[in-house]
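The values are calculated or read from the model by the stated rules, or taken from the named source; none is laboratory data. None of these values were measured; they are calculated from a predicted model. Cβ atoms come from the backbone with ideal geometry, glycine included; neighbour counts cover every protein chain shown. Accessible surface is based on the protein model in full, side chains and every heavy atom, while ligands, DNA and RNA are left aside. Shrake-Rupley method; radii C 1.70, N 1.55, O 1.52, S 1.80 Å.
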Amino acid sequence: QVQLVESGGGLVQAGGSLRLSCAASGRSFSFYGMGWFRQAPGKEREFVAGINWSSASTYYADSVKGRFTISRDRAKNTVYLQMNSLKSEDTAVYYCAAGGKRLGSGSDVDFWGQGTQVTVSS
């Protein structure tokens, strides 16, 4: 089994920055893509950012383009999400995800992390 563990969430003021990490542990396999989704109370889970595990090619939701950056460290089996210029609208539980194909929706995801809370105060 594969475990994805997020860290780095917390409370931050609007305009501030936060960096999330997701480490894969347990039995590993060759992921095609990893990424981040988020879910606010009363809303559906939405795609935030994705990365191709081999090429490091990245892609983002329009709502975070220019503010968030996803990256990965293959040696550490870890993916990061650098979040800058945070807004109150970014408040959500952020979930790390991995799958055998390009991630763009929840149906693409094979493994989910437990989530980490990000709260942005205005």
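Taking region 50-69 as the search range and keeping residues that are among the hydroxyl-bearing types (S, T, Y) and in a loop (DSSP other than H, G, I, E, B), which one is farthest from R102 (Cα to Cα)? Filtering region 50-69 for residues that are among the hydroxyl-bearing types (S, T, Y) and in a loop (DSSP other than H, G, I, E, B), the one farthest from R102 (Cα to Cα) comes out as S63. Return the residue satisfying two criteria in turn: it lies in region 29-44 and is modelled with pLDDT of 85 or more and under 12 Å from A98 (Cβ atoms), and of such residues it is surrounded by the fewest Cβ atoms within 10 Å (Cβ to Cβ). Among those that are modelled with pLDDT of 85 or more and under 12 Å from A98 (Cβ atoms), it is G33.
When restricted to residues that are open to solvent by 10 Å² or more (accessible area, probe 1.4 Å) and at negative phi, region 71-112 contains 28. The set of residues from region 1-28 being surrounded by 11 or more Cβ atoms within 10 Å (Cβ to Cβ) and in a loop (DSSP other than H, G, I, E, B) comprises G8, G9, A14, G15, G16, S17. Restricting attention to region 57-70 and to residues that are in contact with a strand residue (DSSP E or B) (Cβ under 6 Å, 6 or more places away or on another chain) and not β-branched (V, I, T), the residue that is surrounded by the most Cβ atoms within 10 Å (Cβ to Cβ) turns out to be F68.
Filtered by the rule that a residue be under 11 Å from the mean Cα position of the chain (by Cα), in a strand (DSSP E or B) and closer than 18 Å to K43 by Cβ, region 84-122 gives V93, Y94, Y95, A97, W112, T116. The single condition among (1) assigned to a loop (DSSP other than H, G, I, E, B); (2) in contact with a helix residue (DSSP H, G or I) (Cβ under 8 Å, 6 or more places away or on another chain); (3) among the hydrophobic types (A, V, I, L, M, F, W, C) that F37 does not satisfy is (1).
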